[in-house]
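Chemist: Please see the structure below; I have some questions.
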Amino acid sequence: HKDASCERPTRETRDRGTSGRRHHAEEQAETSYTLRYTSSNVIPEILRPSQALNPKALHPTPSAMSSSGGIRVAGGVAKKAGKGAEKAAYQGIQFLKSYGQHILKNPMIVNSIVEKGGVKATDVVLEIGPGTGNLTMRLLETAKKVIAVEFDPRMVLELQRRVQGTPHAHNLSIISGDFLKVELPYFDVCIANVPYQISSPLIFKLLAHRPQFRAATLMFQREFAMRLCVPAGDPLYCRLSVNTQLLARTTHLLKVGKNNFRPPPKVDSSVVRIEPRPINTVPVNFKEWDGLVRLCFGRKNKTLGGIFRTKTVMELIETNFKTYRALQINNGKGVAAAGAGAG
């Protein structure tokens with residue numbers, strides 16, 4: 001007798017098993033469907049969970065990426081923004097390093113600058129390059145009025161939006177233009193995070209302003225700031241040091257790391273206080289003095305004797321002396337003789 005388990009299944013048995021498996025698969029397929037109702041209507045939308053939770057839909061494959069690195073989307077290719085652009089952007093504003101736009105973001109540093117600046121409630125404050133207004137808003141809380149000089153029209157609009165609707169909006173006056181070209185109004189103190197490209201001409205324009213202001217608290221690149229404050233004999237002592245200390249008293253206040261800015265500059269910064277000396281204490285023609293200092297610091301590795309014995313300098317001194325003598329004669333005897341002849 002043959003074992004029943006060894007018998008080959010008949011065709012009827014095979015058909016019955018196939019239909020059973022097909023029926024079971026259809027039941028599983030029916031249960032794998034889910035109904036999702038949209039928020040706009042109650043029409044059921046059939047969606048397979050395998051499609052909804054497909055990880056490939058969340059992470060596009062290389063085939064979905066374009067050759068430019070963007071993701072293919074309806075209507076074109078969405079370009080991927082670079083890391084530099086993402087870091088430099090703030091509230092939709094792209095900071096331009098060509099304008100020296102490094103925004104001070106640390107509120108502790110902002111408060112320290114205002115406190116060390118000695119701002120009083122009755123002061124008119126001049127701010128150069130306010131940017132997005134982090135320092136401006138703090139000054140408006142302390143001073144009577146703030147005059148901000150801004151070159152970038154985008155920053156002017158951002159600053160106007162920021163102060164709009166605040167109690168101090170009427171205390172802010174914005175001058176849109178190049179600081180080196182605009183005419184400055186009266187002010188008591190100057191407090192600013194200075195655009196580094198115009199540091200030197202900015203200082204001498206401030207010191208030439210009349211009437212004189214009480215003090216200026218300015219932030220510069222650290223090396224430039226140290227040159228303003230170093231005493232004679234220091235390796236950093238230069239023409240800038242001589243001219244600045246002739247016209248003002250300079251004091252180093254604090255060092256500011258580069259990570260306190262957005263976007264961060266390549267070097268650290270320092271805050272310096274500049275107090276102009278009274279006009280009558282500087283009895284010198286500044287243009288003549290600056291010409292002399294320019295000669296003295298033209299070649300740092302030469303002595304003064306070596307500099308003044310060079311042929312070029314000797315010829316320049318001789319020409320200037322002849323011009324000076326001619327002016328003396330014209331303003332003296334020549335003018336008197338011309339007046340007697342006319343009489």
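Chemist: Mind telling me which of the residues Glu183, Glu275 ends up being in contact with a strand residue (DSSP E or B) (Cβ under 8 Å, 6 or more places away or on another chain), surrounded by fewer than 18 Cβ atoms within 10 Å (Cβ to Cβ) and either within 22 Å of Val114 (Cα to Cα) or without any contact (Cβ under 8 Å) to a residue 40 or more places away in the chain (or both)?
Modeler: Glu275
Chemist: So Asn301 clears everything in (1) farther than 17 Å from Phe204 by Cα; (2) of a type outside the set (Val, Ile, Thr); (3) not in a loop (DSSP other than H, G, I, E, B) except one condition, right? Which one?
Modeler: Exception for Asn301: condition (3).
Chemist: Starting from segment 150-176, keep only residues that are outside any helix (DSSP H, G or I), then list their pairs with residues that are modelled with pLDDT under 90 whose Cβ atoms are within a distance under 7 Å, requiring at least 6 positions of separation or different chains.
Modeler: Phe151/Tyr99; Asp152/Tyr99
Chemist: A further question on this structure: Looking only at residues in segment 193-240 that are out of contact with any Gly (no Cβ under 8 Å at 6 or more places or on another chain) and among the β-branched types (Val, Ile, Thr), which one is nearest to Phe151 (Cα to Cα)?
Modeler: Per the criteria, the residue is Ile203.
Chemist: Further question: Would you point out which residue out of Leu254, Leu316 is farther than 20 Å from Leu240 by Cβ, outside any helix (DSSP H, G or I) and of a type in the set (A, V, I, L, M, F, W, C)?
Modeler: The match here is Leu254.
Chemist: From the list Val267, Val293, Val256, pick out the single residue that is crowded, with 16+ Cβ neighbours inside 10 Å, without any contact (Cβ under 8 Å) to a residue 60 or more places away in the chain and of a type in the set (A, V, I, L, M).
Modeler: Details: Val267 fails: crowded, with 16+ Cβ neighbours inside 10 Å; Val256 fails: without any contact (Cβ under 8 Å) to a residue 60 or more places away in the chain.
Going through Val267, Val293, Val256 in turn, just one is crowded, with 16+ Cβ neighbours inside 10 Å, without any contact (Cβ under 8 Å) to a residue 60 or more places away in the chain and of a type in the set (A, V, I, L, M): Val293.
Chemist: Turning to a different aspect of this structure: In the set Phe321, Phe261, which member is farther than 30 Å from Arg210 by Cα and either open to solvent by less than 60 Å² (accessible area, probe 1.4 Å) or touching an Asp or Glu at 6+ places or on another chain (Cβ under 8 Å) (or both)?
Modeler: Just a single option satisfies the conditions, and that option is Phe261.
Chemist: For segment 114-139, enumerate the residues that are touching a strand residue (DSSP E or B) at 6+ places or on another chain (Cβ under 8 Å), assigned to a helix (DSSP H, G or I) and open to solvent by 10 Å² or more (accessible area, probe 1.4 Å).
Modeler: Once the filter is applied, which keeps residues that are touching a strand residue (DSSP E or B) at 6+ places or on another chain (Cβ under 8 Å), assigned to a helix (DSSP H, G or I) and open to solvent by 10 Å² or more (accessible area, probe 1.4 Å), segment 114-139 yields Lys116, Asn134, Leu135.
For (1) free of Cβ contacts under 8 Å to residues at least 24 places away in the same chain; (2) over 23 Å from the mean Cα position of the chain (by Cα); (3) open to solvent by less than 50 Å² (accessible area, probe 1.4 Å), each residue gets a yes or a no:
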| position | (1), (2), (3) |
| --- | --- |
| Leu207 | no, yes, yes |
| Pro211 | no, yes, no |
| Gln221 | no, no, no |
| Pro235 | yes, yes, no |
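Chemist: Continuing with this model, one more query. Across segment 299-318, what is the total count of residues that are farther than 26 Å from Leu236 by Cα, open to solvent by 90 Å² or more (accessible area, probe 1.4 Å) and in contact with a helix residue (DSSP H, G or I) (Cβ under 9 Å, 6 or more places away or on another chain)?
Modeler: Here the count works out to 1.
Chemist: Assess whether Leu184 counts as being part of a loop (DSSP other than H, G, I, E, B) and not acidic (Asp, Glu).
Modeler: yes
Chemist: For segment 187-204, what are the residues that are over 19 Å from Val124 (Cα atoms) and either outside any helix (DSSP H, G or I) or of a type in the set (Gly, Ala, Ser) (or both)?
Modeler: Pro195, Ser199, Ser200
The values are calculated or read from the model by the stated rules, or taken from the named source; none is laboratory data. Quantities reported herein were computed from a predicted structural model and do not represent experimental measurements. For neighbour counting, all protein chains shown are included, and Cβ atoms are generated from backbone atoms with ideal geometry for every residue, glycine included. Quick note on the areas: whole protein, heavy atoms, side chains included, nothing else; ligands and nucleic acids left out. Shrake-Rupley method; radii C 1.70, N 1.55, O 1.52, S 1.80 Å.
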